Amino acid sequence: MSMADPLRGLIVKGIAGFYYVKSGDEVFRCKARGIFKQRDMKPAVGDKVTMEVIPDNDDSLITDILPRKNSFIRPFIANVDCFAIVMAAARPDPVLPVLDKFLVMAEKNFTDVVICINKCDLAEDTRKAKGRKAAENIEEIKRIYGPIYPVVCVDSVNGTGFEDLMEHIKGKTTALAGPSGVGKSTILNRLIPEAFAETGNISEKSQRGKHTTRHSELFTIDEDEGTMIFDTPGFTSFDILEAEEEELQHMYPDIAKFVGGCRYNNCRHVAEPGCEVIKAVEDGHIDSKRYESYKTLLNEIRESKQY
Ligand SMILES: Nc1nc2c(ncn2[C@@H]2O[C@H](COP(=O)(O)OP(=O)(O)O)[C@@H](O)[C@H]2O)c(=O)[nH]1
Ligand SMILES: [Mg+2]
Ligand SMILES: [Zn+2]
């Protein structure tokens, strides 16, 4: 007797013990096989799975989870190809050490990156101080990060700059990351109108949007090209502190370029003599803000290992 190939699919949503698995044009509501619980494995949105369709039963059964490219704990998702890391040109002003943390998270999980500056409309009126500040913020991000990562400018209220953004996420499964209030939900609504991601109104005082997405969900932007995007409640905690201090230098591509030439081969590039990284900072080949954030994160990792 020959068994048919098991049906393959992609988990696009998980709610209350049910998983919604997309296979071709169909979405099957599934339960997970009991064995996963015993093995302490939980299917995640983004997982590629095999499943069994049970005749005369409303629900199908997830029988296996295929190996993951990466996975995250909060939000609990898997197989992210690309992070679109969102910062606002202003309101709220970009915080570069936070951008660096998201970049380290992306590097640690081997994803592509596109830095997306949103609210670029705020930089239009440079006759006003507010507009000049937004324009300066955009220029600074482009100057520091442009040589290392793709940087795109969008205005998600009016929908400008999205061709550029699409260029970098085409054919990939992308997750939006970034602080609250920068416009992630508004961008998502532009990219996939049926997502209906709720956009919080920014409060004048806190300059923060209210965040409302509770479940992670994976939406298709372009079926033929295989372009997909996660809607998540947001990345709040970072796995970065699980990194070894030795690893961190490799998660800054601009710093990694100079690693290997130092006098000591266990050089951490903090104050060691004969350090090529420190020399590159002094010579202006590495931006001093990036270097400072490297040292800050290195300290965070060291402190977390002391307990
Ligand atoms: N001026 C301007 N405001 C925007 C833009 N994108 C989003 N906003 C506003 O910023 C606030 C926060 O947006 P939201 O999408 O909820 O941010 P999230 O917390 O990152 O999901 C909302 O009031 C949006 O209307 C933009 O491109 N330009
Ligand atoms: Mg949001
Ligand atoms: Zn060094």
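The values are calculated or read from the model by the stated rules, or taken from the named source; none is laboratory data. All values reported here derive from a predicted model rather than from experimental measurement. A quick note on method: Cβ atoms are made from the backbone with ideal geometry, for glycine too, and the neighbour counts reach across all protein chains shown.
Which of the residues that make up segment 161-176 are surrounded by 17 or more Cβ atoms within 10 Å (Cβ to Cβ) and farther than 14 Å from CYS120 by Cβ? Scanning segment 161-176 gives HIS168, ILE169, LYS172, THR173, THR174, ALA175, LEU176. Counting only strands (runs of 3 or more DSSP E) that sit completely within segment 29-89, zero hold 2 or more residues that are free of Cβ contacts under 8 Å to residues at least 24 places away in the same chain. When ARG302, ARG290 are checked against the criterion of being away from ligand 2 (no atom under 16 Å from the Cβ), basic (Lys, Arg) and over 24 Å from ALA177 (Cβ atoms), a single residue qualifies: ARG302. For segment 247-267, the candidate set comprises residues that are in a helix (DSSP H, G or I) and within 12 Å of ligand 3 (Cβ to nearest atom); within that set, the residue that is farthest from ILE286 (Cα to Cα) is GLN249. Take segment 268-293 and flag every residue that is in a loop (DSSP other than H, G, I, E, B) and within 23 Å of PRO147 (Cβ to Cβ). Answer for segment 268-293, where residues must be in a loop (DSSP other than H, G, I, E, B) and within 23 Å of PRO147 (Cβ to Cβ): HIS269, CYS275, ASP283, GLY284, HIS285, ILE286, ASP287. Evaluate the following for ASN158: is it in contact (Cβ under 8 Å) with a residue 12 or more places away in the chain and exposed (fewer than 14 other Cβ atoms within 10 Å of the Cβ)? In short, yes.
Residues that are more than 30 Å from ASN189 (Cβ to Cβ) and among the aliphatic types (A, V, I, L, M) within segment 220-272 comprise LEU241, ALA243, LEU248, MET251, ILE255, ALA256, VAL259, VAL270, ALA271, listed in sequence order. Name the single residue that is surrounded by the most Cβ atoms within 10 Å (Cβ to Cβ) among those in segment 295-307 being assigned to a helix (DSSP H, G or I) and in contact (Cβ under 8 Å) with a residue 60 or more places away in the chain. This residue is LEU297. Criterion applied to THR296, THR220, THR227 was being away from ligand 2 (no atom under 16 Å from the Cβ) and outside the structural domain of HIS168 (by TED's automatic domain parsing), and the one residue passing it is THR296. When the residues of segment 162-196 are filtered to those that are within 16 Å of ligand 1 (Cβ to nearest atom) and more than 19 Å from the chain's Cα centre (by Cα), the one that is modelled with the highest pLDDT is GLU163.
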